[in-house]
1. Please compute the contact order of the chain in relative form: average sequence separation of alpha-carbon pairs under 8 Å and at least six residues apart, divided by the residue count, as a percent.
2. So how tilted is helix 21-31 from the main axis of the chain? Cα-based, degrees 0 to 90, rounded to 10.
3. If you project the alpha carbons of the chain onto the principal axes, what extent comes out on each, in Å, largest first?
4. Given a 1.4 angstrom probe, I'd like the percentage of the accessible area of the chain that is carbon and sulfur, rounded to a whole number.
5. What ranking, highest mean first, results for peptides 29-36, 53-60, 10-17 when packing means the other Cβ atoms within 10 Å averaged over each residue?
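The values are calculated or read from the model by the stated rules, or taken from the named source; none is laboratory data. The model shown is predicted, which means the values in this text are computed figures rather than measured ones. When we count neighbours, we look across all protein chains shown, and the Cβ atoms used for this are built from the backbone with ideal geometry, even at glycine. Ligands, DNA and RNA are excluded from the accessible area calculation, which covers all protein heavy atoms including side chains. Shrake-Rupley method; radii C 1.70, N 1.55, O 1.52, S 1.80 Å.
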Amino acid sequence: MSAANAASDERILIVAPLGADAENMRDVLDRAGLPAVVCPNLSAAALELAHGCGAIIATEEAFDPARHR
């Protein structure tokens, strides 16, 4: 496995569509040295999976069907 693949497989995708939750989580993870990507919704997170992912953090609001209309 190349270094680039290893790094992308360690990325944390964050889906927290309300307020500043996503940015705050990314800041905390960044300070811990963990690569994180903010995704505006679950569809965007699904697209990001193709680029590698080690974990997904999603808030309850990310699963609200009313937000996907």
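1. Working: 95 pairs, mean separation 30.7, N = 69.
Relative contact order for the chain comes out at 45 percent.
2. 20
3. Here the Cα extents, ordered largest to smallest, are 41, 25, 12 Å.
4. Details: 2480 of 4490 Å².
For the chain, the apolar C and S fraction of the accessible surface comes to 55 percent.
5. On the way: 29-36: 12.4, 53-60: 15.0, 10-17: 19.8.
So the peptides 29-36, 53-60, 10-17, ranked by packing, come out 10-17, 53-60, 29-36.
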